[in-house]
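The values are calculated or read from the model by the stated rules, or taken from the named source; none is laboratory data. These numbers come from a predicted model, not from an experiment. Every residue, glycine as well, gets a Cβ built from its backbone with ideal geometry; the counts of neighbours run over all protein chains shown.
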Amino acid sequence: MCARPAIIRMGRTSSRLRRLVLCYCRSVDPLSEAQIQILRRHLLKKGAEINTKLTELLNGQRVNVDALLGHVKPGESPIERLRRFLTLVDGRIQAIRAGSYGRCATCGDGLPFPALEQLPWLDTCSSCAEISAR
């Protein structure tokens with residue numbers, strides 16, 4: 001269980017104070033070795049797919065990256081987008097090697113396996129993501 005208390009709604013607060021208000025994170029069982037291996041395969045497959053698309057783009061071929069990736073930063077080129085996403089996927093593979101994969105980068109609580117199955121590059125729990133989006 002995350003040792004952080006629930007958010008208390010206090011009306012308008014400064015963003016600094018909001019960052020200091022800690023989130024509630026539900027308890028999640030640690031990932032099993034089998035689950036980590038499944039997610040590692042997903043990450044490697046996605047990384048290979050991104051690498052292929054990036055290579056095609058760098059070779060001057062026309063590639064549709066919209067279906068491959070989600071969030072787009074304004075003014076970001078497809079090559080920048082693919083490199084950013086490849087770095088994200090590689091970071092999650094490095095986290096598996098380091099033994100820190102499956103934990104929220106902000107609060108350290110476990111991330112649920114079903115969420116990681118959908119987005120294996122996920123690194124923030126929903127509570128912390130909600131707080132940072134404010």
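Quick one: in the stretch 53-99, which of the residues that are modelled with pLDDT of 90 or more and of a type in the set (S, T, Y) is farthest from A115 (Cα to Cα)?
If we take residues in the stretch 53-99 being modelled with pLDDT of 90 or more and of a type in the set (S, T, Y), then T55 is farthest from A115 (Cα to Cα).
Could you please tell me which pairs satisfy a Cβ distance under 6 Å, a separation of 6+ or placement on different chains, a first residue in the stretch 27-56 that is crowded, with 18+ Cβ neighbours inside 10 Å, and a second residue that is among the small types (G, A, S)?
V28/G110; L31/G102
Does L86 satisfy the criteria of being more than 13 Å from the chain's Cα centre (by Cα), surrounded by 11 or more Cβ atoms within 10 Å (Cβ to Cβ) and not aromatic (F, W, Y)? Step through it out loud before you land on a result.
On the way: more than 13 Å from the chain's Cα centre (by Cα): no; surrounded by 11 or more Cβ atoms within 10 Å (Cβ to Cβ): yes; not aromatic (F, W, Y): yes.
When the stated conditions are applied, L86 does not pass them.
Here are some residues: V65, V89. Which one is aliphatic (A, V, I, L, M), touching a Pro at 6+ places or on another chain (Cβ under 6 Å) and either assigned to a helix (DSSP H, G or I) or touching a residue at least 12 places away in the same chain (Cβ under 8 Å) (or both)? Reasoning before the result, please.
Details: V89 fails: touching a Pro at 6+ places or on another chain (Cβ under 6 Å).
Among V65, V89, only V65 is aliphatic (A, V, I, L, M), touching a Pro at 6+ places or on another chain (Cβ under 6 Å) and either assigned to a helix (DSSP H, G or I) or touching a residue at least 12 places away in the same chain (Cβ under 8 Å) (or both).
Name the single residue, out of those in the stretch 122-134 being crowded, with 19+ Cβ neighbours inside 10 Å and either at pLDDT 90 or above or not charged (D, E, K, R) (or both), that is nearest to E56 (Cα to Cα).
As a first pass, look at the stretch 122-134 and keep what is crowded, with 19+ Cβ neighbours inside 10 Å: 122-123, 125, 127-128.
With the extra rule that they be either at pLDDT 90 or above or not charged (D, E, K, R) (or both), the set shrinks to 122, 125, 127-128.
Details: L122: 26, C125: 34, S127: 38, C128: 36 Å.
Ranking the candidates gives L122 first.
Across the stretch 93-114, what is the total count of residues that are free of Cβ contacts under 8 Å to residues at least 60 places away in the same chain, closer than 19 Å to G47 by Cβ and part of a helix (DSSP H, G or I)?
Qualifying residue count for the region: 5.
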